[in-house]
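S.K.: I'd like to ask you about the structure that follows.
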């Protein structure tokens with residue numbers, strides 16, 4: 001029997017910060033500034049769509065073509 005690996009669509013704050021290479025605090029600051037959207041699940045769970053994280057990184061790109 002083969003096991004199917006599921007690719008996540010969103011990441012919790014700690015993993016999202018790690019994914020884009022910043023601290024959780026800086027990710028929180030970006031969230032508060034409205035620079036990155038998030039989803040709030042319940043009262044304390046924030047998740048970030050991987051596509052939004054990729055978009056943020058692309059928008060912050062400097063140099064190269």
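S.K.: Taking 0.36 nm per intervening residue step and subtracting the Cα-Cα distance, what contour gain separates residue 43 from residue 31 on full extension?
M.R.: Numbers: separation 12, 0.36 × 12 = 4.32 nm, distance 1.60 nm.
Extending this stretch completely gives an extra 2.7 nm.
S.K.: Residue 61 versus residue 22, label points 7 Å from Cα toward the beta carbon: distance in nm?
M.R.: 1.8
S.K.: Can you sort 62, 22 from fewest to most other Cβ atoms within 10 Å of each residue's own Cβ? It would help to have the intermediate numbers written out before the result.
M.R.: Numbers: 62 4, 22 15.
With the sparsest Cβ surroundings first, the list reads 62, 22.
S.K.: Of the listed values (i) 23, 18, 10; (ii) 17, 12, 10; (iii) 19, 13, 11, identify the label whose number matches semi-axes √(5λ) of the Cα gyration tensor in Å calculated from this model.
M.R.: It is the one labelled (i).
S.K.: Identify which of 42, 34, 21 has the largest mean-square fluctuation in a Gaussian network model of the chain, with springs joining Cα atoms closer than 10 Å.
M.R.: 42
S.K.: Sticking with this structure for a sec: Express the relative contact order of region 10-59 as a whole percentage, based on alpha carbon pairs under 8 Å and six or more residues apart in sequence.
M.R.: Numbers: 49 pairs, mean separation 21.1, N = 50.
Over region 10-59, the number comes to 42 percent.
Laboratory data are not the source of any read-out in this text; all were calculated from the coordinates shown. Source: prediction; values computed, not measured. Backbone-built Cβ (ideal geometry, glycine too); neighbour counts: all protein chains shown.
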